[in-house]
Amino acid sequence: MSSNSRLPYGARAQKHPNALVRKLFEIAEAKKTNVVVSADVTTTKELLDLADRLGPYIAVIKTHIDILSDFSQETITGLKQLAEKHNFLIFEDRKFVDIGNTVQKQYHGGVLRIAEWAHIVNCSILPGEGIVEALEQTVKAKDFPYGSERGLLILAEMTSKGSLATGPYTVSSVEIARRHRDFVVGFVSTRALTDVQSAEVPRSEDEDFVVFTTGVNLSSKGDKLGQQYQTPQSAISRGADFIIAGRGIYAAADPVEAAKQYQQQGWEAYQARLVQ
Ligand code: S5P
């Protein structure tokens, strides 16, 4: 576990150079939550209803906006309003994986206009470093108004059985992140990646990538399609800064109670790993 994992979010916020990460840590500290709900529902009404009910207990909402059957401007306006109301960030789990020219269009334009409303997006580095450069160019463009409030997570590992996002792929993810610290704010991974050694791009003393861990569930070990779960305690002890739970929360009999439970367990596990 890295030394940063042993620091409180507030202390990390104070010395972090990235404005979006500072905001994320400040939200976590203020609301005492490291929970990200993966709101994988399929209508705008369900999504906004979940966001409003779970808003007080989460730091981030993670969306798959392309699974909504009725996406419209109302979806975006509603999400943005709820993010303000409850003080959470929006993470669109788009997993970009294409050449730079295509991902720029997918990120900024199209029907979804992701760059306008999602604080955080993620990508695979399968296409090479150019994907990160392309997405970064979009937010650094002179006429892009939300530049300081946008960040990228690199999908460095996956939770599904037989995942090929391992070994050299994961090492390259870390190397590319280290070369783009302005824009790459962290990883989606099952553990902290601070132990990744690279002669080419060694770890620098002041780097502080944020670790988002998916596949978190309190009551299940996996699903029939290869998903593999760990508990909030396990994820956080392996270096997760934020735990992402989908069905464990939104498919529970009482999603609000479930969110509170993940919040409590996530927060206790975070406190337990702080330097005493
Ligand atoms: O490796 C991964 C990466 C992601 S982003 N494994 C995942 O499961 N995810 C996403 O996390 C996935 O797309 C889904 O939105 C969520 C997990 O949902 P759950 O219902 O299994 O908790």
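The values are calculated or read from the model by the stated rules, or taken from the named source; none is laboratory data. None of these values were measured; they are calculated from a predicted model. We place every Cβ from the backbone using ideal geometry, glycine too, and count neighbours over all the protein chains shown. Side chains included, ligands, DNA and RNA excluded: accessible areas come from the protein's heavy atoms. Shrake-Rupley method; radii C 1.70, N 1.55, O 1.52, S 1.80 Å.
A few remarks follow.
- Filter result for the condition that a residue is surrounded by fewer than 24 Cβ atoms within 10 Å (Cβ to Cβ) and more than 12 Å from the ligand (Cβ to nearest atom), over L225, L274, L218: L274
- Restricted to the stretch 164-189, and to residues there that are in contact with a strand residue (DSSP E or B) (Cβ under 6 Å, 6 or more places away or on another chain) and in a helix (DSSP H, G or I), the residue that is farthest from the ligand (Cβ to nearest atom) is A177.
- The stretch 218-267, residues that are charged (D, E, K, R), in a helix (DSSP H, G or I) and free of Cβ contacts under 8 Å to residues at least 24 places away in the same chain: E257
- Scanning the stretch 123-163 for residues that are of a type in the set (G, A, S), surrounded by 18 or more Cβ atoms within 10 Å (Cβ to Cβ) and away from the ligand (no atom under 13 Å from the Cβ) returns A134, G151.
- Being among the polar types (S, T, N, Q), part of a loop (DSSP other than H, G, I, E, B) and within 14 Å of the ligand (Cβ to nearest atom) is a condition met by at least one residue of the stretch 39-47.
- Of the residues screened, E205 is one that is acidic (D, E), without any contact (Cβ under 8 Å) to a residue 24 or more places away in the chain, away from the ligand (no atom under 16 Å from the Cβ) and out of contact with any Ser or Thr (no Cβ under 6 Å at 6 or more places or on another chain).
- Within the stretch 117-136, residues that are over 13 Å from L89 (Cβ atoms) reach partners that are modelled with pLDDT under 95 and more than 13 Å from the ligand (Cβ to nearest atom) with beta carbons closer than 8 Å, at six or more positions or on different chains, in the pairs E136/D182.
- Here L48 clears all of (1) under 19 Å from L135 (Cα atoms); (2) buried (at least 19 other Cβ atoms within 10 Å of the Cβ) except the condition numbered (1).
- Restricting attention to the stretch 1-37 and to residues that are open to solvent by less than 10 Å² (accessible area, probe 1.4 Å) and polar (S, T, N, Q), the residue that is farthest from D182 (Cα to Cα) turns out to be T33.
Listed here are the residues, each with its yes/no results for (1) in contact with an Asp or Glu (Cβ under 7 Å, 6 or more places away or on another chain); (2) over 17 Å from P145 (Cβ atoms); (3) surrounded by fewer than 22 Cβ atoms within 10 Å (Cβ to Cβ).
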| site | (1), (2), (3) |
| --- | --- |
| H64 | yes, yes, yes |
| L68 | no, yes, yes |
| K80 | no, no, yes |
| F88 | no, yes, no |
| F96 | no, yes, no |
| V103 | no, yes, no |
| G110 | no, yes, yes |
| E116 | no, no, yes |
| V121 | yes, no, no |
